[in-house]
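Input: a single structure, listed below in C-alpha coordinates.
The values are calculated or read from the model by the stated rules, or taken from the named source; none is laboratory data. Not measured: the values here are computed from a predicted model. FYI the Cβ positions are ideal-geometry reconstructions off the backbone, even for glycines, and counts take in every protein chain you see. Heavy atoms of the whole protein, side chains included, go into the accessibility calculation; ligands, DNA and RNA do not. Shrake-Rupley method; radii C 1.70, N 1.55, O 1.52, S 1.80 Å.
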Amino acid sequence: MNIAPVIYRLLLYGYPREFRRDYGGEMQRIFREQYSDAAKTGNRARMRALMRLIARDWLRSALRERVDSVTHFISTARLSAPRGAVNEWALTLLIYLFASTTLVQAYVIPTGSMEGNLRVGDHMLVDKTAYGKAGALGRYIMPYREIQRGDIVAFRYPEDTKQTYVKRVIGLPGDRIRMSGKQVIRNGHPLIESYTQYIDPSLERDRDDFPLAPDRLTTPRGLDMFEHHLVNGEIVVPPGALFVLGDNRDNSLDSRYWGFVPRDYVVGKPLVVYWSFDAPTEDLESWNLAHIMDVGEHFFTKTRWERTLLVPRSAKAVEVGAR
Amino acid sequence: MYMRKTQAVSPDDLLPLTPSVFHILLAIVDEPRHGYAIMQDVMEQTNGALSLGPGTLYGCLKRMVASGLVAESDDRPEAMNDDERRRYYQLTALGTRVVRAEADRLANSVVAARSRGVLTTEGAKA
(Lines give C-alpha, C1' and ligand atoms only; values in the text may rest on other atoms or scores of the structure.)
Protein backbone atom coordinates (compact mmCIF):
# COMPACT_ATOMS: atom_id res chain seq x y z
CA MET A 1 0.00 0.00 0.00
CA ASN A 2 1.42 3.30 -0.99
CA ILE A 3 0.46 6.61 0.51
CA ALA A 4 1.16 8.82 -2.52
CA PRO A 5 -1.99 8.03 -4.54
CA VAL A 6 -4.07 8.53 -1.41
CA ILE A 7 -2.61 11.96 -0.85
CA TYR A 8 -3.15 12.82 -4.48
CA ARG A 9 -6.76 11.74 -4.24
CA LEU A 10 -7.18 14.13 -1.33
CA LEU A 11 -5.46 16.91 -3.22
CA LEU A 12 -8.11 16.63 -5.89
CA TYR A 13 -10.55 18.17 -3.44
CA GLY A 14 -8.74 21.43 -3.98
CA TYR A 15 -10.41 21.59 -7.38
CA PRO A 16 -13.99 22.70 -8.02
CA ARG A 17 -16.54 19.93 -8.02
CA GLU A 18 -17.30 19.92 -11.78
CA PHE A 19 -13.65 19.87 -12.62
CA ARG A 20 -13.07 16.99 -10.25
CA ARG A 21 -16.02 15.13 -11.66
CA ASP A 22 -14.93 15.65 -15.26
CA TYR A 23 -11.21 15.07 -14.91
CA GLY A 24 -10.48 13.68 -11.45
CA GLY A 25 -10.42 10.07 -12.57
CA GLU A 26 -8.05 10.78 -15.43
CA MET A 27 -5.82 12.88 -13.23
CA GLN A 28 -5.52 10.13 -10.67
CA ARG A 29 -4.73 7.67 -13.40
CA ILE A 30 -2.02 9.90 -14.79
CA PHE A 31 -0.57 10.44 -11.37
CA ARG A 32 -0.44 6.70 -10.73
CA GLU A 33 1.29 6.17 -14.06
CA GLN A 34 3.81 8.93 -13.46
CA TYR A 35 4.40 7.66 -9.99
CA SER A 36 4.94 4.05 -10.98
CA ASP A 37 7.16 5.11 -13.88
CA ALA A 38 9.29 7.13 -11.50
CA ALA A 39 9.29 4.35 -8.91
CA LYS A 40 10.39 1.78 -11.50
CA THR A 41 13.56 3.71 -12.28
CA GLY A 42 14.44 3.65 -8.59
CA ASN A 43 15.90 7.10 -9.13
CA ARG A 44 15.23 9.21 -6.07
CA ALA A 45 16.04 12.49 -7.79
CA ARG A 46 13.43 11.71 -10.40
CA MET A 47 10.87 10.93 -7.72
CA ARG A 48 11.60 14.20 -5.96
CA ALA A 49 11.28 16.07 -9.25
CA LEU A 50 7.90 14.45 -9.81
CA MET A 51 6.70 15.42 -6.33
CA ARG A 52 7.81 19.01 -6.91
CA LEU A 53 6.04 19.06 -10.25
CA ILE A 54 2.84 17.69 -8.72
CA ALA A 55 2.89 20.16 -5.84
CA ARG A 56 3.47 23.11 -8.14
CA ASP A 57 0.88 21.88 -10.57
CA TRP A 58 -1.67 21.49 -7.80
CA LEU A 59 -1.10 24.88 -6.22
CA ARG A 60 -1.39 26.65 -9.53
CA SER A 61 -4.12 24.76 -11.28
CA ALA A 62 -6.40 24.25 -8.28
CA LEU A 63 -6.42 27.97 -7.66
CA ARG A 64 -6.85 28.70 -11.35
CA GLU A 65 -9.83 26.38 -11.63
CA ARG A 66 -11.39 27.72 -8.45
CA VAL A 67 -11.17 31.26 -9.69
CA ASP A 68 -12.44 30.11 -13.07
CA SER A 69 -15.47 28.43 -11.59
CA VAL A 70 -16.27 31.35 -9.32
CA THR A 71 -16.01 33.81 -12.19
CA HIS A 72 -18.16 31.54 -14.24
CA PHE A 73 -20.70 31.25 -11.45
CA ILE A 74 -20.88 34.99 -10.99
CA SER A 75 -21.25 35.70 -14.70
CA THR A 76 -23.98 33.12 -15.20
CA ALA A 77 -25.83 34.23 -12.08
CA ARG A 78 -26.06 37.59 -13.82
CA LEU A 79 -24.67 39.48 -10.93
CA SER A 80 -23.44 42.79 -12.19
CA ALA A 81 -20.04 41.72 -13.46
CA PRO A 82 -17.50 40.07 -11.16
CA ARG A 83 -17.46 42.12 -8.02
CA GLY A 84 -13.78 42.23 -7.67
CA ALA A 85 -11.21 39.99 -6.20
CA VAL A 86 -12.48 40.05 -2.63
CA ASN A 87 -15.59 38.04 -3.41
CA GLU A 88 -13.70 35.45 -5.35
CA TRP A 89 -11.16 34.99 -2.64
CA ALA A 90 -13.73 34.84 0.10
CA LEU A 91 -15.68 32.14 -1.68
CA THR A 92 -12.56 30.20 -2.54
CA LEU A 93 -11.50 30.35 1.07
CA LEU A 94 -14.91 29.17 2.24
CA ILE A 95 -14.81 26.22 -0.10
CA TYR A 96 -11.34 25.29 1.11
CA LEU A 97 -12.47 25.44 4.71
CA PHE A 98 -15.49 23.30 3.98
CA ALA A 99 -13.42 20.75 2.14
CA SER A 100 -10.85 20.58 4.88
CA THR A 101 -13.40 19.82 7.58
CA THR A 102 -15.29 17.15 5.69
CA LEU A 103 -12.29 15.33 4.30
CA VAL A 104 -9.65 15.50 6.92
CA GLN A 105 -9.77 16.16 10.58
CA ALA A 106 -6.97 17.32 12.78
CA TYR A 107 -6.45 15.22 15.85
CA VAL A 108 -3.95 15.09 18.65
CA ILE A 109 -2.80 11.97 20.47
CA PRO A 110 -3.40 12.69 24.14
CA THR A 111 -2.34 9.40 25.72
CA GLY A 112 0.47 6.93 25.36
CA SER A 113 -1.58 3.90 24.38
CA MET A 114 -0.07 3.77 20.90
CA GLU A 115 3.41 4.76 22.10
CA GLY A 116 6.05 3.08 20.01
CA ASN A 117 4.28 4.22 16.87
CA LEU A 118 2.33 7.31 17.84
CA ARG A 119 3.51 9.55 20.65
CA VAL A 120 1.73 11.78 23.09
CA GLY A 121 1.56 15.18 21.42
CA ASP A 122 1.51 13.94 17.82
CA HIS A 123 -0.85 16.21 15.92
CA MET A 124 -2.15 14.42 12.93
CA LEU A 125 -4.59 14.54 10.07
CA VAL A 126 -7.17 11.81 9.79
CA ASP A 127 -8.37 10.85 6.32
CA LYS A 128 -12.11 10.70 6.78
CA THR A 129 -12.75 9.29 3.35
CA ALA A 130 -10.40 6.32 3.60
CA TYR A 131 -13.04 3.79 4.50
CA GLY A 132 -15.71 5.25 2.27
CA LYS A 133 -18.28 6.33 4.78
CA ALA A 134 -18.90 9.64 3.01
CA GLY A 135 -22.31 8.56 1.76
CA ALA A 136 -23.20 6.59 -1.33
CA LEU A 137 -21.90 9.24 -3.68
CA GLY A 138 -18.48 9.45 -2.06
CA ARG A 139 -18.34 5.69 -2.12
CA TYR A 140 -19.02 5.69 -5.82
CA ILE A 141 -16.57 8.38 -6.78
CA MET A 142 -13.67 7.60 -4.55
CA PRO A 143 -11.71 4.45 -4.23
CA TYR A 144 -11.95 3.20 -0.69
CA ARG A 145 -10.91 0.08 1.09
CA GLU A 146 -12.31 -2.15 3.73
CA ILE A 147 -10.85 -2.04 7.20
CA GLN A 148 -8.27 -4.75 7.62
CA ARG A 149 -6.60 -6.39 10.57
CA GLY A 150 -3.51 -4.39 11.47
CA ASP A 151 -4.92 -1.04 10.31
CA ILE A 152 -4.63 1.92 12.63
CA VAL A 153 -8.03 3.60 12.88
CA ALA A 154 -9.40 6.73 14.48
CA PHE A 155 -12.85 6.30 15.97
CA ARG A 156 -15.31 7.81 18.37
CA TYR A 157 -14.85 6.27 21.78
CA PRO A 158 -18.00 4.19 22.31
CA GLU A 159 -18.37 5.14 25.99
CA ASP A 160 -18.10 8.85 25.19
CA THR A 161 -18.52 9.67 21.53
CA LYS A 162 -17.19 13.19 21.98
CA GLN A 163 -13.72 11.75 22.28
CA THR A 164 -11.72 10.37 19.40
CA TYR A 165 -9.40 7.44 20.02
CA VAL A 166 -6.74 5.86 17.87
CA LYS A 167 -5.98 2.14 18.13
CA ARG A 168 -5.01 -0.81 15.97
CA VAL A 169 -7.60 -3.24 14.59
CA ILE A 170 -6.96 -6.76 15.87
CA GLY A 171 -10.27 -8.50 15.25
CA LEU A 172 -12.87 -8.25 12.48
CA PRO A 173 -16.40 -9.64 12.70
CA GLY A 174 -16.28 -13.38 13.25
CA ASP A 175 -12.74 -13.42 14.64
CA ARG A 176 -12.13 -15.26 17.89
CA ILE A 177 -9.75 -13.38 20.17
CA ARG A 178 -7.98 -14.27 23.37
CA MET A 179 -4.75 -13.36 25.10
CA SER A 180 -2.53 -15.56 27.17
CA GLY A 181 0.41 -13.98 28.99
CA LYS A 182 0.44 -10.93 26.66
CA GLN A 183 0.27 -13.22 23.62
CA VAL A 184 -2.67 -12.47 21.35
CA ILE A 185 -4.27 -15.58 19.88
CA ARG A 186 -6.63 -14.94 16.96
CA ASN A 187 -8.75 -17.76 15.61
CA GLY A 188 -6.45 -20.19 17.36
CA HIS A 189 -3.24 -18.78 15.89
CA PRO A 190 -0.74 -16.89 18.03
CA LEU A 191 0.17 -13.55 16.46
CA ILE A 192 3.67 -12.25 15.97
CA GLU A 193 3.11 -8.52 16.21
CA SER A 194 5.93 -6.34 15.00
CA TYR A 195 4.22 -3.13 16.04
CA THR A 196 3.70 -3.64 19.78
CA GLN A 197 5.78 -2.54 22.68
CA TYR A 198 5.73 -3.92 26.20
CA ILE A 199 6.93 -1.68 28.98
CA ASP A 200 6.13 -3.93 31.93
CA PRO A 201 7.95 -7.24 32.10
CA SER A 202 5.68 -8.58 34.80
CA LEU A 203 2.41 -10.31 34.12
CA GLU A 204 -0.87 -8.89 35.29
CA ARG A 205 -3.73 -11.28 35.04
CA ASP A 206 -6.61 -9.10 33.89
CA ARG A 207 -4.47 -7.16 31.48
CA ASP A 208 -2.35 -9.88 29.97
CA ASP A 209 -4.73 -12.80 30.08
CA PHE A 210 -7.97 -12.14 28.33
CA PRO A 211 -10.87 -12.69 28.62
CA LEU A 212 -10.83 -13.77 32.25
CA ALA A 213 -13.47 -11.71 33.98
CA PRO A 214 -14.47 -8.08 34.15
CA ASP A 215 -12.25 -6.08 36.50
CA ARG A 216 -12.46 -2.63 38.05
CA LEU A 217 -11.54 -0.93 34.76
CA THR A 218 -14.22 -2.68 32.73
CA THR A 219 -16.91 -0.29 31.52
CA PRO A 220 -20.61 -1.05 30.92
CA ARG A 221 -19.95 -1.85 27.26
CA GLY A 222 -17.05 -4.01 28.34
CA LEU A 223 -19.39 -5.88 30.68
CA ASP A 224 -21.77 -6.40 27.79
CA MET A 225 -18.94 -7.92 25.78
CA PHE A 226 -18.05 -10.32 28.58
CA GLU A 227 -21.68 -11.20 29.02
CA HIS A 228 -22.76 -11.78 25.43
CA HIS A 229 -19.72 -12.44 23.30
CA LEU A 230 -17.63 -14.76 25.40
CA VAL A 231 -17.63 -18.25 23.86
CA ASN A 232 -15.42 -21.04 25.19
CA GLY A 233 -12.89 -18.68 26.72
CA GLU A 234 -12.67 -16.50 23.61
CA ILE A 235 -14.27 -13.25 22.59
CA VAL A 236 -16.08 -13.56 19.27
CA VAL A 237 -16.33 -10.27 17.39
CA PRO A 238 -19.95 -9.68 16.35
CA PRO A 239 -21.05 -8.40 12.92
CA GLY A 240 -20.50 -4.68 12.35
CA ALA A 241 -17.91 -4.37 15.11
CA LEU A 242 -14.15 -4.22 15.55
CA PHE A 243 -11.86 -5.40 18.31
CA VAL A 244 -9.02 -2.93 18.80
CA LEU A 245 -5.90 -2.83 20.97
CA GLY A 246 -3.27 -0.17 21.66
CA ASP A 247 0.27 -0.85 20.45
CA ASN A 248 1.59 0.06 23.89
CA ARG A 249 -0.03 -3.07 25.19
CA ASP A 250 0.83 -2.79 28.87
CA ASN A 251 -0.55 0.72 29.17
CA SER A 252 -3.61 0.87 27.00
CA LEU A 253 -7.30 1.02 27.72
CA ASP A 254 -8.82 -0.70 24.74
CA SER A 255 -11.33 -3.32 23.68
CA ARG A 256 -10.18 -5.49 26.59
CA TYR A 257 -11.84 -3.00 28.92
CA TRP A 258 -14.55 -1.18 27.01
CA GLY A 259 -15.58 -3.66 24.37
CA PHE A 260 -16.03 -3.40 20.63
CA VAL A 261 -15.95 -0.39 18.32
CA PRO A 262 -19.08 -0.26 16.15
CA ARG A 263 -17.97 -0.02 12.52
CA ASP A 264 -20.01 3.17 12.13
CA TYR A 265 -17.96 4.88 14.84
CA VAL A 266 -14.80 4.71 12.75
CA VAL A 267 -13.87 8.25 11.73
CA GLY A 268 -11.03 7.44 9.39
CA LYS A 269 -7.45 6.55 8.94
CA PRO A 270 -4.56 8.54 10.41
CA LEU A 271 -2.82 10.05 7.44
CA VAL A 272 0.18 12.00 8.55
CA VAL A 273 1.69 13.59 11.63
CA TYR A 274 1.99 17.28 10.79
CA TRP A 275 3.34 18.47 14.12
CA SER A 276 4.63 16.64 17.14
CA PHE A 277 4.98 18.65 20.32
CA ASP A 278 6.23 17.32 23.62
CA ALA A 279 3.45 18.21 26.05
CA PRO A 280 1.68 16.45 28.92
CA THR A 281 -1.66 14.74 28.43
CA GLU A 282 -3.69 17.32 30.39
CA ASP A 283 -2.50 20.13 28.13
CA LEU A 284 -3.44 18.23 25.02
CA GLU A 285 -6.90 17.32 26.17
CA SER A 286 -7.90 20.90 26.79
CA TRP A 287 -6.02 23.98 25.82
CA ASN A 288 -5.02 26.29 28.64
CA LEU A 289 -2.98 29.43 29.02
CA ALA A 290 0.04 27.61 30.42
CA HIS A 291 0.09 25.35 27.40
CA ILE A 292 -0.16 28.22 24.94
CA MET A 293 2.75 29.92 26.66
CA ASP A 294 4.66 26.66 26.67
CA VAL A 295 4.17 26.34 22.94
CA GLY A 296 5.18 29.94 22.37
CA GLU A 297 8.29 29.65 24.47
CA HIS A 298 9.47 26.20 23.49
CA PHE A 299 8.10 25.75 19.99
CA PHE A 300 11.48 25.06 18.48
CA THR A 301 12.94 22.96 21.25
CA LYS A 302 9.90 20.87 22.16
CA THR A 303 8.76 20.21 18.62
CA ARG A 304 9.89 16.74 17.63
CA TRP A 305 11.03 17.73 14.17
CA GLU A 306 11.99 14.22 13.19
CA ARG A 307 8.34 13.18 13.48
CA THR A 308 7.04 15.82 11.09
CA LEU A 309 5.30 14.26 8.10
CA LEU A 310 5.55 10.81 9.62
CA VAL A 311 3.02 8.41 8.17
CA PRO A 312 1.48 5.88 10.58
CA ARG A 313 1.37 2.55 8.82
CA SER A 314 -0.79 -0.50 8.87
CA ALA A 315 1.10 -3.64 9.80
CA LYS A 316 0.18 -7.24 9.37
CA ALA A 317 0.74 -9.59 12.25
CA VAL A 318 2.09 -13.01 11.32
CA GLU A 319 -0.32 -15.75 12.28
CA VAL A 320 1.69 -18.66 13.58
CA GLY A 321 0.45 -21.94 12.17
CA ALA A 322 -1.96 -20.36 9.70
CA ARG A 323 -1.75 -21.28 6.07
CA MET B 1 -20.81 24.07 -18.39
CA TYR B 2 -17.96 26.24 -19.50
CA MET B 3 -19.11 26.91 -23.03
CA ARG B 4 -18.36 30.30 -24.39
CA LYS B 5 -19.65 31.93 -27.55
CA THR B 6 -19.56 29.45 -30.37
CA GLN B 7 -19.57 31.74 -33.40
CA ALA B 8 -16.85 31.18 -35.95
CA VAL B 9 -13.61 32.48 -34.56
CA SER B 10 -10.71 33.65 -36.64
CA PRO B 11 -7.50 31.82 -35.66
CA ASP B 12 -5.74 35.14 -35.19
CA ASP B 13 -8.12 36.07 -32.39
CA LEU B 14 -6.67 33.30 -30.32
CA LEU B 15 -3.02 34.14 -30.83
CA PRO B 16 -0.58 34.15 -29.25
CA LEU B 17 -1.12 30.82 -27.58
CA THR B 18 0.43 29.98 -24.27
CA PRO B 19 3.29 27.49 -24.58
CA SER B 20 1.17 24.80 -22.89
CA VAL B 21 -1.67 25.17 -25.36
CA PHE B 22 0.68 25.27 -28.35
CA HIS B 23 2.54 22.13 -27.37
CA ILE B 24 -0.64 20.27 -26.49
CA LEU B 25 -1.94 21.06 -29.98
CA LEU B 26 1.30 19.85 -31.50
CA ALA B 27 1.05 16.63 -29.54
CA ILE B 28 -2.22 15.68 -31.19
CA VAL B 29 -1.53 16.87 -34.73
CA ASP B 30 -0.92 13.34 -35.99
CA GLU B 31 -3.41 11.33 -34.01
CA PRO B 32 -5.81 11.56 -31.08
CA ARG B 33 -4.07 10.99 -27.77
CA HIS B 34 -5.00 10.53 -24.13
CA GLY B 35 -3.77 12.69 -21.28
CA TYR B 36 -0.64 10.85 -20.27
CA ALA B 37 0.50 10.43 -23.87
CA ILE B 38 0.03 14.18 -24.42
CA MET B 39 2.09 14.94 -21.32
CA GLN B 40 4.92 12.68 -22.44
CA ASP B 41 4.86 14.08 -25.94
CA VAL B 42 5.07 17.65 -24.66
CA MET B 43 8.06 16.66 -22.54
CA GLU B 44 9.72 15.20 -25.62
CA GLN B 45 8.96 18.18 -27.86
CA THR B 46 10.51 20.58 -25.41
CA ASN B 47 13.36 18.40 -24.18
CA GLY B 48 11.85 18.42 -20.73
CA ALA B 49 11.63 22.19 -20.50
CA LEU B 50 7.85 22.10 -20.27
CA SER B 51 6.48 19.44 -17.98
CA LEU B 52 2.75 19.70 -17.43
CA GLY B 53 1.13 18.34 -14.32
CA PRO B 54 -2.27 16.65 -14.45
CA GLY B 55 -4.15 19.73 -13.22
CA THR B 56 -2.55 22.11 -15.70
CA LEU B 57 -3.07 19.64 -18.52
CA TYR B 58 -6.76 19.11 -17.93
CA GLY B 59 -7.35 22.77 -17.12
CA CYS B 60 -5.88 23.61 -20.54
CA LEU B 61 -7.83 20.86 -22.28
CA LYS B 62 -11.04 22.03 -20.67
CA ARG B 63 -10.55 25.54 -21.98
CA MET B 64 -9.39 24.27 -25.35
CA VAL B 65 -12.54 22.20 -25.71
CA ALA B 66 -14.63 25.22 -24.71
CA SER B 67 -13.00 27.42 -27.31
CA GLY B 68 -13.29 24.75 -29.97
CA LEU B 69 -9.60 23.98 -30.54
CA VAL B 70 -9.86 20.34 -29.61
CA ALA B 71 -12.61 17.81 -29.17
CA GLU B 72 -12.90 14.55 -27.37
CA SER B 73 -12.37 11.73 -29.77
CA ASP B 74 -14.15 8.45 -30.12
CA ASP B 75 -11.28 7.08 -32.14
CA ARG B 76 -8.99 5.04 -29.99
CA PRO B 77 -5.81 4.39 -31.93
CA GLU B 78 -4.34 2.12 -29.30
CA ALA B 79 -7.68 0.58 -28.46
CA MET B 80 -6.33 -2.94 -28.64
CA ASN B 81 -4.12 -2.65 -25.63
CA ASP B 82 -5.76 0.23 -23.92
CA ASP B 83 -8.35 0.95 -21.34
CA GLU B 84 -11.85 1.81 -22.60
CA ARG B 85 -12.51 4.62 -20.21
CA ARG B 86 -9.59 6.80 -21.19
CA ARG B 87 -10.43 10.10 -22.78
CA TYR B 88 -8.80 10.91 -26.07
CA TYR B 89 -8.46 14.36 -27.58
CA GLN B 90 -8.15 15.34 -31.23
CA LEU B 91 -7.68 18.56 -33.17
CA THR B 92 -10.70 20.29 -34.65
CA ALA B 93 -10.56 22.13 -37.94
CA LEU B 94 -10.19 25.36 -35.98
CA GLY B 95 -7.45 23.78 -33.88
CA THR B 96 -5.53 22.82 -36.98
CA ARG B 97 -5.73 26.35 -38.35
CA VAL B 98 -4.75 27.85 -35.01
CA VAL B 99 -1.71 25.66 -34.50
CA ARG B 100 -0.52 26.51 -38.03
CA ALA B 101 -1.06 30.22 -37.47
CA GLU B 102 0.81 30.04 -34.18
CA ALA B 103 3.70 28.16 -35.77
CA ASP B 104 3.89 30.85 -38.46
CA ARG B 105 3.84 33.55 -35.84
CA LEU B 106 6.64 31.86 -33.93
CA ALA B 107 8.64 31.42 -37.13
CA ASN B 108 8.31 35.12 -37.79
CA SER B 109 9.53 35.84 -34.29
CA VAL B 110 12.53 33.62 -34.91
CA VAL B 111 13.29 35.45 -38.15
CA ALA B 112 13.12 38.76 -36.31
CA ALA B 113 15.40 37.44 -33.59
CA ARG B 114 17.92 36.15 -36.12
CA SER B 115 17.98 39.40 -38.04
CA ARG B 116 19.08 41.13 -34.85
CA GLY B 117 21.73 38.55 -34.17
CA VAL B 118 20.31 37.28 -30.91
CA LEU B 119 19.83 33.72 -32.12
CA THR B 120 22.76 31.74 -30.87
CA THR B 121 21.56 28.22 -30.28
CA GLU B 122 22.39 25.58 -32.82
CA GLY B 123 19.04 23.89 -32.67
CA ALA B 124 17.20 26.78 -34.23
CA LYS B 125 18.33 26.72 -37.83
CA ALA B 126 15.95 28.08 -40.42
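Structure notes:
- For A:57-63, mean number of other protein chain Cβ atoms within 10 Å: 4
- Our note on the geometry: Cα centres of the range B:8-73 and the range A:1-68, 18 Å apart.
- Across the range A:225-323, Cα-Cα pairs more than 19 Å apart make up 66 percent of the total.
- Rolling a 1.4 Å probe over the protein heavy atoms leaves A:Lys128 with an accessible area of roughly 60 Å².
- Note on chain A: GNM, Cα springs under 10 Å; of A:Lys302, A:Lys167, A:Lys269, the largest mean-square fluctuation is that of A:Lys302.
- Rg over Rh for the range A:271-323 works out to 1.25, using Cα positions for both radii and the Kirkwood form for Rh.
- Remark: mean inter-chain Cβ contacts per residue of A:26-39 equal 4, using a 10 Å Cβ-Cβ cutoff to other protein chain atoms.
- Carbon and sulfur %, accessible surface of chain A computed with the full protein complex present, 1.4 Å: 58 percent
- In the range A:143-261, taking the dipole from charged Cβ atoms about the Cα centre, the farthest positive-side position among A:Ser255, A:Gly222, A:Leu242 is held by A:Leu242.
- In this structure, the pairs whose alpha-carbon distance is over 26 Å, taken from A:Lys128/A:Lys162; A:Lys128/B:Lys62; A:Lys128/A:Lys316; A:Lys269/A:Lys316; A:Lys40/A:Lys269, are A:Lys128/B:Lys62; A:Lys40/A:Lys269.
- Counted as membrane-span-like here are DSSP H helices of chain A whose alpha-carbon atoms extend 24 Å or more along the helix's own axis and whose Kyte-Doolittle mean is 0.5 or above; these are A:85-103.
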